Amino acid sequence: MNASENLVTYSEGAWVLDKRLGGVGQVVGHGTRRVRLRSPDGTREWSTEPHALRLASQAELRDAGLRHSVSWIGPSVTLVYMPPRAEGGD
């Protein structure tokens, strides 16, 4: 088994911290060696190695300007983080 087989991968939509940059991003795609991320405000995308990522904490998500809402999925409750609403939006 090589090192790449031991990497943790995250599902599209997961909010992660890029440990190289110290920034929070949402997983929007995967390659064989890279993970594609989008900034919380949706204005920037970048790619990084999977080993540079970990799940973002609630404090990091809050600090990035994300708000949370409760989502009922089947019999369980999931806390979902969403980008801030645009100014003047509903």
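The values are calculated or read from the model by the stated rules, or taken from the named source; none is laboratory data. Please read these numbers as outputs of a predicted model, since none were measured by experiment. All Cβ positions, even for glycine, are placed from backbone atoms using ideal geometry, and neighbour counts span all protein chains on display. Protein only, heavy atoms only, side chains kept; ligands, DNA and RNA dropped before computing areas. Shrake-Rupley method; radii C 1.70, N 1.55, O 1.52, S 1.80 Å.
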Since Y10 meets every condition but one in (1) exposed (fewer than 14 other Cβ atoms within 10 Å of the Cβ); (2) modelled with pLDDT under 95, which condition does it not meet? (1)
Considering every residue within region 33-47, establish whether at least one is at pLDDT below 90, of a type in the set (A, V, I, L, M, F, W, C) and assigned to a strand (DSSP E or B). no
Quick one: in region 48-69, of everything that is closer than 17 Å to P83 by Cβ and open to solvent by 70 Å² or more (accessible area, probe 1.4 Å), which residue is modelled with the highest pLDDT? D63
